[in-house]
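Right, one structure below, let's go through it.
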Amino acid sequence: MLELVDLSHTYGSYRAIDRVNLKVAQGEVVCIVGPSGCGKSTLLRSIAGLIKPTGGNVLLDGRPVDGSPENLAVVFQDYSRSLYPWMSALANVGLPLRRRGLDKKRREAAAMAALEQVGLAGAAAKFPWEMSGGMQQRVSIARALAYQPKLLLMDEPFGSVDAQTREELEDLTLRVCAHHGMTILLITHDVDESVYVGDRVVVLSKAPGTVVGDLPVQLPGPRDQIHTRELDAFVRLRAEVGRLVRGMTPHRNGVETR
Amino acid sequence: MRRATSGVLRFWIVPVTLVLWELLTRMAGSPFFPPPSRIAGQFYDMWLSGPVSQLLLTDSALDTFGPSLGRLLAGWTIAGVLGIALGVALGRIRGLADYTDPVLQFLRALPPPLLVPIFFVLFKVGTPTQLAVIVFGVIWPVLVNTTDGVRAVDKGFLETARVFQFSRYDILRRVILPSAMPKIFAGLRLSLSLALILMVVSELVGSNSGIGYSLLYAQQSYDYAGVWAHIVLLGVLGLLFNALFLVAEGRVLSWHANARRNV
């Protein structure tokens, strides 16, 4: 459903991403992982229509995207700059639904249902500044769920929360996307996270970022923070992705070459 | 407990000042500086000796305060609405501020009282002129602060609005304006105290009603206790308006105070 064709972006003379090609199928969860400064965010912002790529195309369902595409939601890393502090959680989640032509009652019902799915039904009337970081990011996820996008972009969504909350949110994401059949593109610098969450892990090289690895993740579901992470397949894949991220040539015989 | 004590301590200063003032003015015995007890007496006779049905206000108080407060609030409201509207336009429409800046800076530098003769020619003598003076004088803090506020909206807030494809109206009404509201309120508060000053000034120059006119009348009748009573009245009004404004601000901007406290 999403296709990137030779997507490139240059800031002045700095090439952030260079000819990225990627195809994402409907319902797939694809993690993009790469070292810091590899243009991950540039890639996501190009797809979201927040910047205009200087080269190449973004195709959604075969049609080139110009500006912010319809039916797309983003969960940003910095929830404090994405949730509006002058609105309650419920109002924040319901706000994007105004475009969907729903009346107030139905908007609130949909927002409430989404908050329930992320376990925040009791905090609907709270304001963002009354919540912990993890709760705020749950509200962001609820906002994306209520919007029912075809494509969900997540930009280091769990980068600003503590490790325990991070695991909870990873599981929450897996659970709700299985439930909604949503296509997700998740960007992270965390190798473990990419393997744990993704159906597929795409590795970007250092800037100018380009695809250096595209690995299917074949782990039995449903995934579990303890058991999945101790599986041989998980450990092997994590090492593989780790090597690619560090710019080493992948080698399956245990001998690494630089 | 400690807060209560500090409140009592703070209010000690009021009676102490009054007693000192009373002693000094009695010793000096100057007709231009009547003691506060006489000022209070005059204040009471002029304005506070009315019937209970009028909240003790005399007819003279109602006739004097009514027009003044009406002009003050009307002028401030008009300036607020115009200032916010123009400020949003200047802050959001790229290039507009660059074109209009020299003209605005010029207009802003003009002391509003000097424009009274021109407003006399443009409008009729009386309320329209006074309103014009107030609006022209107090629009600037609102305008400048609104422009600043809408320019400083966090990029993250706007990007979220773009991704979720908010309508232009929703972006303005639900993202930009609330985000700029703390600055807009700071401007409105400044304007309110300016409006009180300009209200009096405009009534001193060309008016036959209101507090300013009444002040002038007392002065011309050599009623110095009366003049001082007017000064006290203006001080009390200023305090009152500020207090009311802070209550309103506290309600509208509670999210802002709390959000900052929790960061």
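Quick one: work out Rg over Rh on the C-alpha atoms of segment A:73-192, Rh as Kirkwood radius.
Result for segment A:73-192 is an Rg/Rh of 0.94.
Please list 3J(HN,Hα) in residue order for segment A:98-114, calculated via the Karplus relation 6.51 cos²θ - 1.76 cosθ + 1.60 where θ = phi - 60°; whole Hz, with x for glycine and proline.
In residue order, the calculated couplings are 4, 6, 7, x, 8, 6, 4, 4, 6, 4, 5, 5, 5, 5, 5, 4, 5 Hz.
Quick one: in segment A:82-148, what % of C-alpha pairs are over 19 Å apart?
Here the long-distance tail beyond 19 Å is 18 percent of all Cα pairs in segment A:82-148.
What is the distance in Å between the Cα centroid of segment A:105-129 and that of segment A:146-201?
Comparing the Cα centres of segment A:105-129 and segment A:146-201, I get a distance of 20 Å.
How large is the accessible surface per residue of segment A:82-148, computed with a 1.4 Å probe and reported in Å² as a whole number?
Heavy-atom SASA per residue in segment A:82-148 reads 39 Å².
What distance in nm separates the two pseudo spin-label positions at B:Tyr44 and B:Val232, each 7 Å out from Cα along the beta-carbon direction?
1.0
Taking the Cα centre as origin and putting +1 on Lys and Arg beta-carbons and -1 on Asp and Glu beta-carbons, what dipole magnitude results for chain A, to the nearest 20 debye?
Its charge dipole is roughly 660 debye.
Using only alpha carbons, build the gyration tensor for chain A and give me the equivalent ellipsoid semi-axes, biggest first, whole Å.
The equivalent ellipsoid of chain A has semi-axes of 31, 22, 16 Å.
Taking every alpha carbon pair in segment B:152-227, what does the distance histogram look like in 5 angstrom bins from 0, in percent?
Bins of 5 Å from zero give 3, 14, 14, 12, 8, 7, 7, 7, 8, 7, 6, 4, 2, 1 percent of pairs.
For segment A:56-96, just the Cα atoms, rotate onto the principal axes and tell me the three extents in Å, largest first.
Taking max minus min along each principal axis of the Cα atoms, segment A:56-96 gives 38, 19, 12 Å.
If you average the sequence gap of Cα pairs under 8 Å that are 6 or more apart and divide by the length of segment A:82-148, what percent do you get for the contact order?
Reported as a whole number, the value is 47 percent.
Can you pull out the chymotrypsin sites (Phe, Trp or Tyr not before Pro) in segment B:31-100 whose DSSP state is coil and whose Cβ has at most 12 other Cβ atoms within 10 Å?
Here the sparse-neighbourhood loop sites are B:Phe32.
Taking the dipole about the Cα centre of the protein assembly as shown, with the C-beta of Lys and Arg at +1 and of Asp and Glu at -1, give me whichever of B:Ala61, B:Val227, A:Ser13 is farthest to the positive side.
Result: A:Ser13, furthest along the dipole toward the positive end.
Which percent of Cα-Cα pairs in segment B:15-138 sits in each 10 Å bin, short to long?
For segment B:15-138, the binned pair fractions read 11, 23, 22, 23, 14, 6, 0 percent.
Any chance you could get the radius of gyration and Dmax over the Cα atoms of segment B:75-139, in Å?
Rg and Dmax of segment B:75-139, Cα atoms, are 13.2, 39 Å.
Taking 25 °C and 0.890 mPa s as the conditions, I'd like the Stokes-Einstein D for segment B:33-84 in µm²/s, using the Kirkwood hydrodynamic radius from alpha carbon pairs.
In µm²/s, the coefficient is 190.
How large is the accessible surface per residue of chain B, computed with a 1.4 Å probe and reported in Å² as a whole number?
58
For segment B:71-207, evaluate the Debye formula with one uniform point scatterer on each Cα (no solvent term) and list log10 I(q)/I(0) at q = 0.16, 0.19 Å⁻¹, rounded to two decimals.
Log10 I(q)/I(0), no solvent term: -0.81, -1.02.
What does segment A:135-204 give for Rg and for Dmax, in Å, if only its C-alpha atoms count?
Values for segment A:135-204 (Cα only, Rg and Dmax): 11.4, 31 Å.
At a probe size of 1.4 Å, how large is the accessible area of B:Ile197, to the nearest 10 Å²?
100
Principal axis extents for segment A:1-71, Cα atoms only, whole Å, descending order, please.
34, 24, 18
In Å, the Kirkwood hydrodynamic radius of segment B:134-263 over pairs of distinct alpha carbons?
This gives a value of 17.5 Å.
If all Cα-Cα distances of chain B are sorted into 5 Å bins from 0 onward, what percent lands in each bin, rounded to whole numbers?
Going from the shortest bin to the longest, the percentages are 1, 5, 9, 12, 13, 13, 12, 11, 9, 6, 4, 2, 1, 0, 0.
Please give the residues from segment A:82-97 for which the solvent-accessible area of heavy atoms, probe 1.4 Å, is smaller by at least 30 Å² with all protein chains in place than with the chain isolated.
Output list: A:Tyr84, A:Pro85, A:Trp86, A:Leu95, A:Pro96.
Return a whole-number percent for the relative contact order of chain A, with Cα pairs under 8 Å and 6 or more residues apart as the contact set.
The value is 25 percent.
Could you give the distance between the Cα centres of segment A:20-55 and segment B:129-159, to the whole Å?
After rounding, the separation between the Cα centres reads 39 Å.
Suppose we keep just the alpha-carbon trace of the protein assembly as shown; what are its Rg and Dmax in angstrom?
32.6, 107
What does DSSP give for the protein assembly as shown in terms of the percent of beta bridges that are antiparallel, rounded to the nearest 5?
In the protein assembly as shown, approximately 50 percent of DSSP beta bridges are antiparallel ones.
Could you state how much accessible area is buried at the A-B interface, both sides summed, with a 1.4 Å probe, in Å² to the nearest 100?
2400
Which order do the peptides B:52-64, B:83-95, B:171-183, A:31-43 come out in when sorted by mean C-beta neighbours inside 10 angstrom, highest first?
Highest to lowest by the protection proxy: A:31-43, B:171-183, B:83-95, B:52-64.
Ignoring ligands, DNA and RNA, what percent of the accessible area of chain B is carbon or sulfur (1.4 Å)?
Carbon and sulfur together cover 69 percent of it.
The values are calculated or read from the model by the stated rules, or taken from the named source; none is laboratory data. Nothing here was measured: the structure is a model prediction, and the numbers come from that model. For neighbour counting, all protein chains shown are included, and Cβ atoms are generated from backbone atoms with ideal geometry for every residue, glycine included. Heads up: the accessible areas ignore ligands, DNA and RNA and are worked out on the full protein's heavy atoms, side chains in. Shrake-Rupley method; radii C 1.70, N 1.55, O 1.52, S 1.80 Å.
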